[in-house]
Amino acid sequence: MPTAIAVTSADLVLPAPDRHTPGAAVLRPSGEADLEASLAETTALLERHGHLLVVVPPWLPAAVTRRLYTVRAILESDRIALLDIDLPPLGVAVLVRQLRQLTVCDFSPGVIASAARLLSHYVYAGALLGTVAKLDRVPVGLKAHARSWSPSAQFAVLAHPQPHLARLGAAPAPGASVLPPGPTFATHLTFARGQLTSDWVTAELAPAWQVQGVMENPLPADSAGWWATPKLVEFAAAIPDVSVLYQLVASVRRERCRWCGLELIGDRCGFCAAPLAPPPAAPPHATAPHATAPSASPVSSGARAHARTRSRSRS
């Protein structure tokens, strides 16, 4: 069976893009299951799949995160990876779908786990907001805060990969744009509506970003808290094609983790979080010729001394 991908909420599991992409396991939250039930649930997943990758975004409640780390510690298993993914909720759901796609490829569990950080750099996640008065995820200027009190105000916000905020309907500053900077590669756009009525994402953003497809999904339960308002339309653009994802991951050099022995890409193991071992230092003699000026050879020095002796004897 493919490596299992797990999440802590069912709304982070988007529909599969094809019939080959497996689903994701939804772990029961700590409030619905005691520790013994969580241990049994995780053990069953390990027995069936061999390895388990759990997506753990930083906005999860502290009790949920503690339960996950407690379960891994009690089981003393090196086959459980807790992946800290710092994206907005819909962006996390899109990344989870990409990881699910990779599990049917010929990648080892260690490569898939460390690929999460790589793929997150190619997710463009943002939202159309009715107010940014309480938003602390991206820099918000004083003017934007003041304009948030207008009942008709709307703001285009990009949280990842680079923060961007602009008010719709306002004249942009010279050289600036109301539209967030989009990806330069082929993507599909996923969006989810909150308590904001607007077609801006599909009518303006999608054509400007030249996305190859648009899909609407229900809004994740944590989105309103992440964006500090329920008046929003969240969106995320990402690479949809599994063949492109495969080439992207396969193009990165693979290493062996010095701690747990699993394969990894990048600079950190996805399972034990051990950093990649630094390259060995060059031996001193390898840099000596470049550190000092080249000295004359003994043969040439002796020849010059012999020539000077003969010259004095002739004089």
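The values are calculated or read from the model by the stated rules, or taken from the named source; none is laboratory data. Computed from a predicted model, the values in this text were never measured in an experiment. Quick reminder, even Gly has a Cβ in these numbers, built from the backbone with ideal geometry, and neighbours come from all protein chains shown. The area values use the complete protein model at the heavy-atom level, side chains included, leaving out ligands, DNA and RNA. Shrake-Rupley method; radii C 1.70, N 1.55, O 1.52, S 1.80 Å.
When the stretch 1-42 is filtered for residues that are among the acidic types (Asp, Glu) and under 20 Å from the mean Cα position of the chain (by Cα), only Asp11 remains.
Can you find a residue in the stretch 114-134 that is open to solvent by less than 10 Å² (accessible area, probe 1.4 Å), β-branched (Val, Ile, Thr) and closer than 27 Å to Arg258 by Cβ? Looking through the stretch 114-134, none of the residues is open to solvent by less than 10 Å² (accessible area, probe 1.4 Å), β-branched (Val, Ile, Thr) and closer than 27 Å to Arg258 by Cβ.
Looking across the stretch 72-82 at every residue that is out of contact with any strand residue (DSSP E or B) (no Cβ under 7 Å at 6 or more places or on another chain) and assigned to a loop (DSSP other than H, G, I, E, B), the one that is surrounded by the fewest Cβ atoms within 10 Å (Cβ to Cβ) is identified as Glu76. Checking Leu219, Leu264, Leu276, Leu245 one by one, the residue that is in contact (Cβ under 8 Å) with a residue 12 or more places away in the chain and more than 19 Å from the chain's Cα centre (by Cα) is Leu219 and no other. Does Ala221 qualify as being among the hydrophobic types (A, V, I, L, M, F, W, C), part of a loop (DSSP other than H, G, I, E, B), modelled with pLDDT of 90 or more and open to solvent by 70 Å² or more (accessible area, probe 1.4 Å)? Criteria met by Ala221. Taken as a whole, the stretch 138-154 holds no residue that is aliphatic (A, V, I, L, M), modelled with pLDDT of 95 or more and either open to solvent by 70 Å² or more (accessible area, probe 1.4 Å) or assigned to a helix (DSSP H, G or I) (or both). Selection of the stretch 181-205 for residues being open to solvent by less than 20 Å² (accessible area, probe 1.4 Å) and part of a helix (DSSP H, G or I) yields Trp200, Val201, Leu205. Remark: pairs (first residue in the stretch 108-128, at pLDDT 95 or above; second residue outside any strand (DSSP E or B) and hydroxyl-bearing (Ser, Thr, Tyr); Cβ separation under 8 Å; 6+ apart in sequence or on different chains) = Pro109/Thr3; Ile112/Thr3; Ile112/Thr103; Tyr124/Thr187; Ala127/Ser223; Leu128/Ser198. Evaluate the following for Leu95: is it under 11 Å from the mean Cα position of the chain (by Cα), surrounded by fewer than 21 Cβ atoms within 10 Å (Cβ to Cβ) and in a helix (DSSP H, G or I)? Spelling it out, it is not the case that Leu95 is under 11 Å from the mean Cα position of the chain (by Cα), surrounded by fewer than 21 Cβ atoms within 10 Å (Cβ to Cβ) and in a helix (DSSP H, G or I).
For the stretch 47-59, indicate whether the set of residues that are in a helix (DSSP H, G or I) and either touching a strand residue (DSSP E or B) at 6+ places or on another chain (Cβ under 7 Å) or under 27 Å from Gly225 (Cβ atoms) (or both) is non-empty.
Step one: filter the stretch 47-59 for residues in a helix (DSSP H, G or I), giving 47-49.
Then keep just the ones that are either touching a strand residue (DSSP E or B) at 6+ places or on another chain (Cβ under 7 Å) or under 27 Å from Gly225 (Cβ atoms) (or both); that gives 49.
Checked against the condition, which is being in a helix (DSSP H, G or I) and either touching a strand residue (DSSP E or B) at 6+ places or on another chain (Cβ under 7 Å) or under 27 Å from Gly225 (Cβ atoms) (or both), the stretch 47-59 yields at least one hit.
Does Gly23 satisfy the condition of being open to solvent by 40 Å² or more (accessible area, probe 1.4 Å), under 27 Å from Ala192 (Cα atoms) and touching a residue at least 12 places away in the same chain (Cβ under 8 Å)? In short, yes. Only residues that are within 27 Å of Gln98 (Cβ to Cβ) and either charged (D, E, K, R) or loosely packed, with under 13 Cβ neighbours inside 10 Å (or both): list them for the stretch 26-39, please. Matches in the stretch 26-39: Arg28 only.
Evaluation of Ala208 against the conditions (1) over 22 Å from the mean Cα position of the chain (by Cα); (2) among the small types (Gly, Ala, Ser); (3) over 29 Å from Ala273 (Cβ atoms); (4) not in a helix (DSSP H, G or I) shows that the sole unmet condition is (4).
Ile85 fulfils the conditions (1) assigned to a loop (DSSP other than H, G, I, E, B); (2) within 30 Å of Ala166 (Cα to Cα); (3) out of contact with any strand residue (DSSP E or B) (no Cβ under 7 Å at 6 or more places or on another chain) except for a single criterion, (3). Among the residues of the stretch 49-71, just one is among the polar types (S, T, N, Q) and open to solvent by less than 40 Å² (accessible area, probe 1.4 Å), namely Thr65.
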